[in-house]
Amino acid sequence: EAGVAQSPRYKIIEKRQSVAFWCNPISGHATLYWYQQILGQGPKLLIQFQNNGVVDDSQLPKDRFSAERLKGVDSTLKIQPAKLEDSAVYLCASSPLPGANEKLFFGSGTQLSVL
Amino acid sequence: QKEVEQNSGPLSVPEGAIASLNCTYSDRGSQSFFWYRQYSGKSPELIMFIYSNGDKEDGRFTAQLNKASQYVSLLIRDSQPSDSATYLCAVDPAGGTSYGKLTFGQGTILTVHP
């Protein structure tokens, strides 16, 4: 079974530039999450999708972050414009159903450095 | 007060010893609890989950839950150098109503030295 795919693996940009991350969840997983993990901290949920609908985006900085999952499969997270404090690893995770956390799997993440 | 708090590290234990990792949570209604292991530069991987008070054992790992004290712990017996990693405690804050959203602690770095 293929895992959660993310790209790119690394990204370096200057502040005020824009950046986009891509995620393809495990086949058949209806629930998709984007987490932000700042160095030395635990992951923090940014947004949760159920199929192509947003379930929770309460911690997403909507003035600069946006995410979509148009066809209920892969997803894109965008930052525009980036700030220094956005430097982090962006993790995508998926599970078959909301609440099925014992079947939650993470992708390898995208490490973003904002200079 | 942080929602999920882990004992401050780093924790260093000798090979073969028991490593004890602790976590407290603030939401008394929390129903499910998870321990993830994260190697440096890698993504978190689930190693244990527990829903009921008491102990749950899986190989060298034991998770312990005390809902009255809002406390969950992970014991690693016969620690190996390969266990050296950051251990993340995660909580489903509101049970079935939270749509599976996990809140993570800040992690505890464990080093097992030969």
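Odds and ends about this structure:
- Spans of strands (runs of 3 or more DSSP E) in the stretch B:43-114 with at least 3 residues open to solvent by less than 60 Å² (accessible area, probe 1.4 Å): B:45-50, B:61-66, B:71-76, B:85-92, B:108-113
- For the stretch A:40-51, the set of residues classified as facing chain B (nearest Cβ under 10 Å) and open to solvent by less than 40 Å² (accessible area, probe 1.4 Å) consists of A:G42, A:P43, A:L45, A:Q48, listed by residue number.
- Against the numbered list (1) assigned to a loop (DSSP other than H, G, I, E, B); (2) open to solvent by 30 Å² or more (accessible area, probe 1.4 Å); (3) not aromatic (F, W, Y), A:V54 comes up short only at (1).
- Looking across the stretch A:86-115 at every residue that is within 14 Å of chain B (Cβ to nearest Cβ) and of a type in the set (V, I, T), the one that is least open to solvent (accessible area, probe 1.4 Å) is identified as A:T110.
- Taken over the stretch A:19-39, the criterion of being open to solvent by less than 70 Å² (accessible area, probe 1.4 Å) and of a type in the set (S, T, N, Q) is satisfied by A:N24, A:T31, A:Q36, A:Q37.
- Of all positions in the stretch A:64-85, none carries a residue that is open to solvent by less than 10 Å² (accessible area, probe 1.4 Å), within 14 Å of chain B (Cβ to nearest Cβ) and in a loop (DSSP other than H, G, I, E, B).
- The single condition from (1) modelled with pLDDT of 95 or more; (2) surrounded by fewer than 17 Cβ atoms within 10 Å (Cβ to Cβ); (3) hydrophobic (A, V, I, L, M, F, W, C) that B:W35 fails is (2).
The values are calculated or read from the model by the stated rules, or taken from the named source; none is laboratory data. Here the structure is a predicted model, which means the values were calculated and not measured. Here the Cβ is made from the backbone with ideal geometry for all residues, glycine too, and neighbour counts use every protein chain on show. The area values use the complete protein model at the heavy-atom level, side chains included, leaving out ligands, DNA and RNA. Shrake-Rupley method; radii C 1.70, N 1.55, O 1.52, S 1.80 Å.
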